[in-house]
């Protein structure tokens, strides 16, 4: 996560796109997530958006009720970059879902990869 922090800050500080209407679709987030997974740092704002959502998912996933359908149990060793790569692969296999909400799809991908032991 330390490697992404400067990129997130730089993206937020340098992009005028932050004033645009927020598009929550997976299609909107996929470009930035792919840049994170591919380590393409030229897309600062998109990387920051993707990383920010993924950091939030990491931080709150353990707060969800154990029966919540989007709850995942990520191992503590999983990095933001690793979880982003999982989400990118998951979305690439489901291009028909790219107009759906990114956060929900990302949480579904993480749950499928790291389900909680009941």
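Listing for the model above:
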| read-out | value |
| --- | --- |
| Whichever residue in segment 80-100 is touching a helix residue (DSSP H, G or I) at 6+ places or on another chain (Cβ under 9 Å) and part of a loop (DSSP other than H, G, I, E, B) and, among such residues, is nearest to residue 112 (Cα to Cα) | 94 |
| Residue in segment 60-74 that is within 11 Å of the chain's Cα centre (by Cα) and surrounded by fewer than 20 Cβ atoms within 10 Å (Cβ to Cβ) present | no |
| Among the candidates 37, 26, residue that is modelled with pLDDT of 50 or more, surrounded by 13 or more Cβ atoms within 10 Å (Cβ to Cβ) and touching a strand residue (DSSP E or B) at 6+ places or on another chain (Cβ under 8 Å) | 26 |
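The values are calculated or read from the model by the stated rules, or taken from the named source; none is laboratory data. Note that the structure is a prediction, hence the values are computed from the model and not measured. We place every Cβ from the backbone using ideal geometry, glycine too, and count neighbours over all the protein chains shown.
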